[in-house]
Amino acid sequence: MTSGSSVFLNASQGDYVLILETSGYDWYIGIIISCVGGSRSPDAWTLFQVQNIDTGHVRIVNADRVYGIVKSPIKKILNCS
């Protein structure tokens, strides 16, 4: 698993990610449905629409809540289109 303070910069649609809640104690794994860029830099993600893989709930989370990338799609890993 890739983790760190700026891991959200490498996250993209289709990634399974570890999301920390604002309390810092609760977490869940979700899949990124869509990414929203900032106004100054559209390629730097600021928000993610994430679906919780356990409950199915869809939420919009701040990019800094992404603590780690658990799994990326195989096409992304192999750099295939």
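Every number here is computed from the coordinates shown, using simple stated rules; none is lab data. Just so it is clear, the model here is predicted, and its values are computed rather than measured. Don't worry about glycine lacking a Cβ; one is built from the backbone with ideal geometry, like all the others, and counts go over all protein chains shown.
Some observations on this one:
- Residue exposure sequence - I32, I60 - by fewest surrounding Cβ within 10 Å: I60, I32
- Counting all C-alpha pairs of segment 2-77, share separated by more than 16 Å (%): 43
- Separation in nanometres of the label points that stand 7 Å from Cα toward Cβ, at S23 and T46: 2.9
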